[in-house]
Structures are given as C-alpha cells and as structure tokens.
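One structure is given below, encoded as structure tokens.
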Amino acid sequence: MDQRPDAAQASTATFPRSRAALDDEAHGDTARRAAPLRTTGGSAVSATGAVLARPALSGGARLLPQVVLALVCGGYAVGAVLGWGSSELAVFMGDFGLAAAALAAAASCLWHGRRNSGRMRPAWLLFAASSAMTALGNGTWGWYEVVLGRPVPTPSFADVCFLLFAPPAIVGMLVLAKRPENRAGWICLGLDAWLIAGSLMTLSWSLALAHTGPLGEDAASVARRAFSLAYPLLDIVLVSMVIVLHFRRSSSASRPAVNTAIGAFALTVLCDALFTSPLLHEHYRSGQILDAGWFAGSMLLAYAPWVARRDAAEAPPPAARRPEGRSRPTAGAFAALAPYLAAAVCTLGILFNLMDGRPVDGVVLFTACAVVLALLVRQAIMLMDNIALTQELAQAENHFRSLVQSSSDVIMIAAPTGILRYVSPAASGVYGRDAGELEGSELASLIHPEDLGPVVHEVRRFLAASPCEEPTTRIECRFRSGSGDWLNVESTINRHHGGLIFNSRDVTERVRLQAQLQHSAEHDPLTDLPNRALFTKRVRHAVGGRRRTDAGTAVLFIDLDGFKAVNDTVGHQAGDELLVQAARRLQESVRSGSGDCAARLGGDEFAALIVGDGADDTSTRECRILEIADRLRARLSQPYRVEDGTEVRVAASIGVAFAEPGTSPGALMRNADLAMYRAKAAGKNRVELYAPQMQADVARRAEVQTRLRAALHDGEFVLLHQPVVELATGRITAVAAQPRWRSAQGILFTPAEFLRVADNNGRGGDHGRAGEEGARTAELTRWTLEAAVEQAAQRRRDGHVLPVCVRLPAGRLVDKSMPPKAVETLLARHGLPSGALILELTDSDPRVPLDELEHRLGALRRLGVRIALDGFGSGYAAIRALRRLPIDVLKLDQGLVEGVVESSRLHKITSGLLRIGGDLGMQSIAEGVDLPEQLVTLRGMGCTHAQGMAFSGPLDEHRLRRALTRGSYPVPRSDAPVLVGGGLPVRHGGYGGHGPRRPEAVHTHPPTRSNTETPVPPT
C-alpha cells in the first residue's frame, strides 16, 4: 500500500488516523484507526483475562463461553505477533477480520436489545448501531485495499462510517448511567462529563493535537485536518462517558454485562492511545499486535449481552441478596473525587506544556478556563445541596426528637455494660420516675428478680444471633415503678452501636385483663369453681406427676338427684342458688392446700379430685375415699334454703374411681362417670366404686346399640301385628303393632330383647344421659309409628277396617323432637282416619310432666285418636295417670294375667282394677293371655278384650290378612271343659261368627309358651 501523508503522520491524535489524512503515509501499509473506528471491546489480553478471572458460579458449562472467547482472541493475537505468514493475509485479517468481529458485536447487541424490554434496551440497540458502523467502515477499507488493491480515497465513505461510530456509543453510555433525581443532578452529570472531557482535551492538545500539520488552503487539506481533529475529540468524549459511567452506572442494570461493555470501550481507548504514540504510529502495519486489541474489544462487546442473559437466569431472589458492604462508600468517594482528579489532570497538562518550553496555546487556555469555571459551578451546586441536606437533617432530628418526647412509650438506650445512657421523658408518666433519675442506673436493678434471669438469657441469645436473621426481639418483665410497685412492661429490643435500644410500654392492664379472661375460661361463672377444662388439666397433672407417695389418688363424680324437679317447681333462680350452695359445701369438704380440687362439670354435675396420702394398702385407701365420699353425699343431701326461705332437698349420687398405674386422665374420669351412673341406676343417693365390669357392660351396650343403628339404617326391622280379640264374641277388633329385628340368621328379636338397653338408658338419670341412646329410641319409635300407620292405611284400602294399636312412651309425646302435630300430619299423609289409631302409653316415669302430657293427649283425643294406658296395675303412677289423663282403654299388665287363675290375691286385685275401669266407662284389654282358663277367668271378671297366645302370636302381614279374613277366633264357653294344651280349630267366619264354618287349620296353644317367644314367620 501507499505511504500515508506526512501531515497525518505528524498528527498524534488519540484516534490513530483519518483514512483521508493518512492515505499517502504508510507505503501500502494500512494504518489502523483508534477505538471508535475499530471496536468497542476490551484488551485482547488484560480485559479478557479479567473476565475469565471472575470465579465461575457453578459448573464447567458456565466457563465454556469464556474459554472460547479467550481462545479466539488469543488466536488472533498469536497470528498478529507472527505476522499471519504473509503480508496479504495480514492486510486481509487487519481489514475483514476486524469487520467480522464488529459485525458479530452488532448482531449480538441487536439480538439482546430486541429480546429484552426495559430501560436498558435502547443502550444495547445503540451499541449494535455503533458496531455496525465499525463493521461497515472496515469492510469499505478492505474493499479498497484487498479487493481493488489501491489506496482509499480521501475523504471516503469509510471515514463517514468511522465518524458515525462514536455518537451511538456515547448516547448508549448515557442510557446506562444512573439517572439523576432532580435538575441539579442533571447539571452535575453534565459538568462532570465536561470536566473529564475538558481535562483530556487539554492534555491531548498539549501533547499531540497542537502539533498537527498546518491547515492548507485546498479542500483536501481542510478535510484531512477536520478528520484529524474529529476523531480525537470524539474519542475524548467517549473516554469521558466511560469514566462517568463507571461511577454512575445504574444499580438496577446487569452489572457484569455493563462492566464487560465498559471494559470493551476502555480497551478501545487504550489501543487508540497507544497508536497515537509516534513510535507505534511510524512503524504500524496492518495485522500487527495492535489490531488484536481492537479485535478483542469487539469480541468482548459481542459477549456482553450473553453475560446479561446468564446473570438474569442466575440472579437470586431479592430476599437472598446480601448488602453490598463497604464497596458502596468507596465507589461514592471515587465518584465525588473524579471531577477534581480531572481538573488535576488538566493542570498537569498545562504544566507539561510550559516545562517543555512551548507557549500556552489559546485552545488549551480556553479549555482550562472552561474546566475551572465548570468546577466552580459544580462546587457551588454541591454547596447549596449540602446546605439543603443540612437543613433537612436538622428538621429530621427535630421531628425525631418531638416523636420521642411525645411518645407514650418509654425509649431507653443501654450501654453494653447495662447502664442506661438515655431515657425518654415518657418515663415519668409510665414509670412514675424522672428520666434523669433513671439515666446512669443499672437496668438490672429495675427488673424484678424473678424475671431477671429470663431477660438476661433472652438478651444474650439476641446479641449472639445474626442481625440480618433477627433484627429485633421482644421481652416481658416486671419493672419497678416510682411508688415501689411492679409494673408489667413489654419491650422491643434493637441493637445500637454495641448497646441496646428498649422501646417499652406499660401492659399491666392488659396482663390483668388476660388473667381475668384466663380465670373466666377455666372457672364456672355461676359457682366460680374450676370447670371441666381446668379440672381435666389438674387431673392430668396429678396422674402424670404422681409419685409413690401419691398412691390412692381418686376422682369423684357427683350428680344431684332431683335437681330438675327443683327447677320445675321452685324456679330456675332457686335452682341456681341451690347450685351455688352445693358448690360451697363441696369446696368446704375438700382439703385445702393438699392438691384436692372441686369442680363443676356442667348442669348439676360436680367432681372432686382427692390426692392420695401415700397409703399402699388398697383396702385402707378405699375405706378412706369411700368415707370421704359418703360424708360428702350426706353433706350435699342436707336441706337447702333458697329464695323466700323455701327449703328444698336433693340427693347425691357419687361415683369413685382410683388412679391405678397406667390409667390415663381421660380413662380415670370416664371410670368415675360410669360409677356415678351405676349409683343412679342402683337407686340414687348412694356411692359406687368403679369396677372393670362396668366398662364391659358399657362395651356390650355400645355393641348392641351399634347393631341397632345398623339395623335401622339397613332396614332389618319388620313390623308384626297381634290380633286383639273381643272376649264375648271372639271377633278381632284391633291389631297391636310390635316391631321385631330380623338378624342375619333369620332370628326375630322381641322388644324385650332389643329395647331393654335403650329403655333402661332412657329412664335412668335425671337429664340427657341417654343422649345418643334416647335419640336412637326415638328414631325406633318414630319408625314403628310410621310403619304401623302406613300398613293400617293399606289394609283399610283393601277392606280390612280395623284400628291399630301402637306403643308410645309418654316421654316421647312431650319430647321436643316430636312436634305437636306430628301424629296429625302422619295420619293425613297416609289417609288413615284418626279414629283408626290407638296410642298405648308405656312410660310410667313420674318425672314426665303431667300438665304437658295432659295437654298433648287432649289435643290427640280431640283429633279422634284413642288413648290406652299400658301396664295398668304395675305401679303407683297408673292411678295418678288414670286420675288426670284422658284414657279410653286400660291395658292390664301381663304380671297380673299370669297368676290370675292360681292366686286368689291377684284375682281380687285384677277384679278390682277391671271394676274401676268399668265404672269409668273404659274398655279393658288383657295382655299375655296364653291359656284358655285365663281367658275364661278374665271374661268372668268383666274384661272386654284380650291378646295373647290363646288366640295368636304376632303375625306377619301375610298371616295377619288370613286371620282378618276369618274375622274371629273361637272362645271357650264358661260351661265347656277347658282343655289345657289342646288344639282349638281356627275357622273363617264373619265378625259375629255367623254362617257355615268348615275346619281349615288347627292352631295348637302350648300351655307354657311365653308371649316373648315369637316363631319365625315364613320369608
């Protein structure tokens, strides 16, 4: 190639050359331009090594791009050192090699800018445009030198491309810089950039630019001089932006990627500066080692977007990022000193010019004055900013002081030794002590001695913990007030220069309220005795912490017998007074200070915990506890005087259970409960000791109840009917519904077998002990009533017009689970006339309120339902019910019927009862008439109807319809011989027995057969 002109050779601009100005200089050697025209990467050796020196985050896969980059740049550098083997290849690699590297950087930055959004996107697109200009310029240069083989014209299209490289790079740097928050910040940013640029301009002009060739008069000389000055000026601006960006880069940007881009631009500027030295400029040839720096800068810029992408994928969540530590103050100090360092560089440039014996150039003088003026303006802005910050700081301090002084919380600062250094004025209102009095005192002397240990332990633990993981902690302790009282104080603790800050408030009222709420939650509001929750806790403590000396610990469950009658007769207010007096008596009966405890479990149920005295003998401890229980029973059974001086009495049923080894608190209380209900079932007003057999009985009843529940759910119940026969004519006048339970083996269980458990549970106890069992009995009764009405309605539609008798406990009629119009609704739903239903009252419990029962029965009787009294003659309640209730039919108890023939006493009693019923105009039904002589005897006494094996047992629907078709059973005449055990023919006939009769079957009546034994009907 041709040698470049001397004017360009004399130029020592920071840009290595202008294509136009240096086209005649190098005798065929292509002089390389500087950083803005070549690359925007970093040094081929140092910058790349700096990138590789960064520790890999994890895995060899992340090092692969860096290794490839180092190999490519290293290979180019080795080729440049060896001269590429030939001058032609060197020129090719110096032109098209650099163009390819710049094109790669442009493509990489463009791809990253298009795929990402946000504030950083314009910067990468500008870097792509800048690199594209470099690639286009180098390609144009190679077209002339390599393809056409002639020098590049001056000026040329390549020079335009090289000049257009710097502006996009400079604007992109501005985009990467952190944006100022106000107008003063923007002014300071511009002044900082000018200070750096002016300083570099002064230094460059003094060293090189002032010595460029004189400006000729021809246009070519003007163009060469313009290009020679444009390149270094743009380079100075770019260097200034690199320095400013290094100290003002945005914290939100990807720092490794920005650092890589900064390194690329710094390497470019370094190569340009090296090229400006006369030694390298005079001996430069295309493809030499200096081109390796420009090549590495382009490759670094191409790699920078990939660093940003990797950092975005590996960035930890914000919560996991660590604080930056001391690097931020150091960076801030350099950022503040950078303008002053630039001014110092400017001064050194002028001094170097004077020491070299050259006069001060006008450009240097103008630039230096502008730099000094910018420095003064910047200093004035910073001074005004400092004044404003000082005023804001004073206002903040005043605001903080007013907040501290007017706060209701006490703020105290304690030294590491525990001495209080500062106490806020609120201490006088909270603690009743002046702040000055507390300052200088030891914090430990103000805390309650019982709370000092836990407080010291918590403070030590807090100080040993990491401030990041636990910035604050909270303690509660008692604090001595000015009056000597102890206040409950809650404090939030923070670290403060090796000491602690206590933000304390008085929570005495809150603690007192919490204690009241805790007491209310664990005590009965009426009697103030411990409730079930607290009693269970104390039982658990007594059983779980029992030592050998505690043998004999027992739990007593107490139920007041007859308490419901007090509520019903005297009133609930009197009942509450009775409970309060009973609780007082119970509390006085247990030992105080020995661990014994009395409690109210709910309603009229109480409990007592008696801690053992260490007696090992079982009989001794049982005698002692039973003596205590009996004394307690007698004490609770004494008369109570309630409102208006009314004296009432209740009894007490007590169950006792001992805490045997291995017995849990729940099992102990359950055992005492079982013993208490055994006492109630055994006659009340007594003490029962728990025995394991009680639990077995409960398990057996639970098993039967479970089977009953399953049978109800699975439809295993069937309804049988036993005919009710008129004794005078043998005509069937009604049927009695009797439910049966058909087991899986086809066995039918009678009511005495499957209702015994439910009936006993329903009658034992004063209150809802039956609970689940009573609800299940109600469900069975409801099913029986609905099935009987439904089947009776169906038989009536088929022509069998007979009433149906359904047994119903009297307690169910007054139970809330059975609405007042339930029977009326049921009859209307199935279309059965009300006169076709007879309800048999089977419950003789005296606790059933007769007033309410009388009201319900009167409503049913007005509806047309007839009422029968079942079990008449079996108890004293029958006479009372007969006196008050609207009864239509008397049903003799089976116990009277069984011995009416043999016993003259029973004969007279039965005769008298039947005479009473007859005088009252009631019909009578004898139940359980199994023998013909019983039938004859009862008829002679005036009994009108009977049911039993003398006629028929309970029948299924098929056999019942056959019997109803016959209409009657033969009855023995009073003068006919009675054949005990003989067979009586059962014939079809009318209801009156008229018409021809033909024998159809013989029904045998075993004399010893019980009414509870039911044959299995055919299925």
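The values are calculated or read from the model by the stated rules, or taken from the named source; none is laboratory data. All values reported here derive from a predicted model rather than from experimental measurement. Heads up, the Cβs are rebuilt from the backbone with ideal geometry, glycines too, and the neighbour counts pull from every protein chain shown.
Here are a few things to note about the model shown:
- Filtering the range 481-495 to residues that are more than 31 Å from the chain's Cα centre (by Cα) and surrounded by fewer than 17 Cβ atoms within 10 Å (Cβ to Cβ) leaves Gly482, Ser483, Gly484, Asp485, Trp486, Arg495.
- In the range 927-934, the condition of being assigned by TED's automatic domain parsing to the domain that holds Val971 and within 24 Å of Glu824 (Cβ to Cβ) is met by no residue.
- Which listed residue is touching a strand residue (DSSP E or B) at 6+ places or on another chain (Cβ under 8 Å), more than 20 Å from Cys805 (Cβ to Cβ) and modelled with pLDDT of 90 or more, from Gly948, Gly942, Gly953: Gly942
Per-residue answers, yes or no, for (1) outside any helix (DSSP H, G or I); (2) of a type in the set (A, V, I, L, M, F, W, C); (3) surrounded by 18 or more Cβ atoms within 10 Å (Cβ to Cβ):
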position	(1), (2), (3)
Ala129	no, yes, yes
Thr134	no, no, yes
Gly137	no, no, yes
Trp141	no, yes, yes
Glu145	no, no, yes
Pro151	yes, no, yes
Asp159	no, no, yes
Ile170	no, yes, yes
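- Of all residue pairs spaced 6 or more apart or on separate chains, those with beta-carbon atoms under 6 Å, a first member in the range 965-976 that is assigned by TED's automatic domain parsing to the domain that holds Leu935 and a second member that is at pLDDT 85 or above and assigned to a loop (DSSP other than H, G, I, E, B) are Ser968/Gly730; Tyr969/Gly730; Tyr969/Phe951; Pro970/Gly730; Val971/Gly730.
- Options Gly432, Gly440; residue that is in contact (Cβ under 8 Å) with a residue 12 or more places away in the chain, under 17 Å from Pro416 (Cα atoms) and surrounded by fewer than 16 Cβ atoms within 10 Å (Cβ to Cβ): Gly440
- If only residues of the range 639-682 that are among the hydroxyl-bearing types (Ser, Thr, Tyr) and under 25 Å from Gln695 (Cβ atoms) are counted, the one that is farthest from the chain's Cα centre (by Cα) is Ser653.
- If you go through the range 680-704 and pick out every residue that is in contact (Cβ under 8 Å) with a residue 60 or more places away in the chain and crowded, with 20+ Cβ neighbours inside 10 Å, you end up with 3.
- With respect to the conditions (1) over 22 Å from Asp409 (Cβ atoms); (2) part of a helix (DSSP H, G or I), Asp451 falls short on a single one, namely (1).
- Sole residue being assigned by TED's automatic domain parsing to the domain that holds Ala135, at pLDDT 80 or above, assigned to a helix (DSSP H, G or I) and touching a Lys or Arg at 6+ places or on another chain (Cβ under 7 Å), chosen from Leu69, Leu103, Leu89, Leu98: Leu98
- Residues considered: Glu577, Glu588. Of these, the only one that is surrounded by 15 or more Cβ atoms within 10 Å (Cβ to Cβ), part of a helix (DSSP H, G or I) and acidic (Asp, Glu) is Glu577.
- Residue list for the range 642-660, filter: assigned to a strand (DSSP E or B) and either touching a residue at least 40 places away in the same chain (Cβ under 8 Å) or closer than 27 Å to Val611 by Cα (or both): Val648, Ala651, Ala652, Ser653, Ile654, Gly655, Val656, Ala657, Phe658
- Residue satisfying all of: in the range 107-125; among the small types (Gly, Ala, Ser) and surrounded by 15 or more Cβ atoms within 10 Å (Cβ to Cβ); farthest from the chain's Cα centre (by Cα) among these: Ala107
- Residue count for the range 705-728, restricted to those that are touching a residue at least 24 places away in the same chain (Cβ under 8 Å) and part of a helix (DSSP H, G or I): 5
- Condition met for Ala319 (surrounded by 15 or more Cβ atoms within 10 Å (Cβ to Cβ), modelled with pLDDT under 80 and farther than 30 Å from Ala105 by Cα): no
- The one condition from (1) exposed (fewer than 12 other Cβ atoms within 10 Å of the Cβ); (2) at pLDDT 90 or above that Arg478 does not meet is (1).
- Across the range 614-628, a minimum of one residue is classified as in a helix (DSSP H, G or I), of a type in the set (Asp, Glu), touching a residue at least 12 places away in the same chain (Cβ under 8 Å) and more than 27 Å from Asn567 (Cβ to Cβ).
- Matching residues in the range 458-475 - criterion: being surrounded by fewer than 15 Cβ atoms within 10 Å (Cβ to Cβ) and touching a Ser or Thr at 6+ places or on another chain (Cβ under 9 Å): Arg461, Ala465, Thr472, Arg474
- Where a residue in the range 180-191 is farther than 10 Å from Arg378 by Cα and its partner, wherever it lies, is assigned to a helix (DSSP H, G or I) and at pLDDT 70 or above, with Cβ under 8 Å and at least six apart: Pro180/Trp186; Pro180/Cys188
- Note on the range 492-528: residues that are of a type in the set (Lys, Arg) and outside any helix (DSSP H, G or I) amount to 2.
- Restricted to the range 729-812, the set of helices (runs of 4 or more DSSP H) holding at least 1 residues that are in the same structural domain as Pro954 (by TED's automatic domain parsing), modelled with pLDDT of 80 or more and crowded, with 17+ Cβ neighbours inside 10 Å comprises 772-797.
- Scanning the range 912-959 for residues that are in contact (Cβ under 8 Å) with a residue 40 or more places away in the chain, out of contact with any Gly (no Cβ under 9 Å at 6 or more places or on another chain) and acidic (Asp, Glu), we see that the one that is nearest to Leu882 (Cα to Cα) is Glu933.
- Spans of helices (runs of 4 or more DSSP H) in the range 838-950 with at least 2 residues among the basic types (Lys, Arg): 850-863, 877-884, 904-919
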